[in-house]
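Worksheet: one structure, shown below.
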Amino acid sequence: MLWLTCPICGRRPIDEFSFGGEFPTVPDRITDPATRDVDYVWMFDNIAGVTTERWFHHAGCRRWHTARRDTITDAVLHTGIEDATDTVL
Amino acid sequence: MLALETLHGTRIVAAPEALDALDAATWSTSVTVLRFAPDDVFVLGAETISISGEYAIVEAESGFVGCWLTDEQLAHVAEHIDWPLPVERPVLVQGFVAGVPAKIWLTSSATGERSLLLCAAPYACELTERLA
């Protein structure tokens, strides 16, 4: 069973969480605001390796948090309560 | 079978700093302060609550049910939890209990350890049946 560490509640099984998708990042080379919005909402990197994701602890504190996870090994490297609008990691 | 009853309290959503002060305040033994999240607290048994946060939301809350557990009942509940209960007291733990989102307030008093099991009211029947 995969476990995630909720920054508020502690270590919990993955079925207590809902996956919120990749943490969106927009490349700097895209400068047009409308194009950046499209990229932010629709374009995903789908990385094979370490990626940053959003997770919602629906069975506990009911708060979103951010996790760094290796999609190959499923190892969770970091979790935090950074907001999605922050630049982190 | 557990007899879950409606818990009438006060729900406060405010800046974490404001709730830190509320959390650290000295309350009478009849008051229970449950910190659901850094910006969310549920207070049971308090007549009046003063909060300093400018944008604090303070509302009467009756959407939770719960009951105080005996040591035997807590041990039975713990068998339905995938994660270990912490040793330190007081502490609020949240997560699946028998597959139902629930919270347990673990505290100690002069008369011994006390535990309050609570969950959202719509889950009351499900939680009761699964723990029967």
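What follows draws every value from the coordinates through simple rules; no lab data is involved. All values derive from a computational prediction rather than experimental measurement. Neighbour counts are summed over all protein chains in view; Cβ atoms, including those assigned to glycine, are modelled from backbone coordinates with ideal geometry.
Taking the criterion of being at the interface with chain B (Cβ under 9 Å from one of its Cβ atoms) and exposed (fewer than 13 other Cβ atoms within 10 Å of the Cβ), the only residue of the range A:1-16 that qualifies is A:Met1.
Quick test for you: out of B:Ala98, B:Ala132, B:Ala37, pick the one residue that is buried (at least 16 other Cβ atoms within 10 Å of the Cβ) and more than 19 Å from B:Thr10 (Cα to Cα).
B:Ala98
Each residue in the range B:11-29 was checked for being part of a strand (DSSP E or B) and either among the polar types (S, T, N, Q) or away from chain A (no Cβ under 14 Å) (or both), and 1 of them qualify. Taking the range A:16-40 as the range and being within 20 Å of A:Thr73 (Cβ to Cβ) and in contact (Cβ under 8 Å) with a residue 40 or more places away in the chain as the test, the residues that pass are A:Phe17, A:Phe23. For the range A:29-68, what are the residues that are surrounded by fewer than 17 Cβ atoms within 10 Å (Cβ to Cβ), outside any helix (DSSP H, G or I), more than 14 Å from chain B (Cβ to nearest Cβ) and of a type in the set (A, V, I, L, M, F, W, C)? Answer for the range A:29-68, where residues must be surrounded by fewer than 17 Cβ atoms within 10 Å (Cβ to Cβ), outside any helix (DSSP H, G or I), more than 14 Å from chain B (Cβ to nearest Cβ) and of a type in the set (A, V, I, L, M, F, W, C): A:Ile30, A:Met43, A:Phe44, A:Ile47, A:Ala48, A:Val50. The numbered conditions (1) of a type in the set (Phe, Trp, Tyr); (2) more than 14 Å from chain B (Cβ to nearest Cβ); (3) crowded, with 16+ Cβ neighbours inside 10 Å are all true for A:Phe19 except (3).
Tell me whether the range B:41-60 contains one or more residues that are surrounded by 15 or more Cβ atoms within 10 Å (Cβ to Cβ) and either of a type in the set (Phe, Trp, Tyr) or within 21 Å of B:Gly99 (Cα to Cα) (or both). So far as the range B:41-60 goes, yes, one or more of its residues are surrounded by 15 or more Cβ atoms within 10 Å (Cβ to Cβ) and either of a type in the set (Phe, Trp, Tyr) or within 21 Å of B:Gly99 (Cα to Cα) (or both). Consider B:His8 carefully, then state whether it is assigned to a loop (DSSP other than H, G, I, E, B) and either closer than 23 Å to B:Ala121 by Cβ or in contact with a His (Cβ under 9 Å, 6 or more places away or on another chain) (or both). So B:His8 does not fit the description; no.
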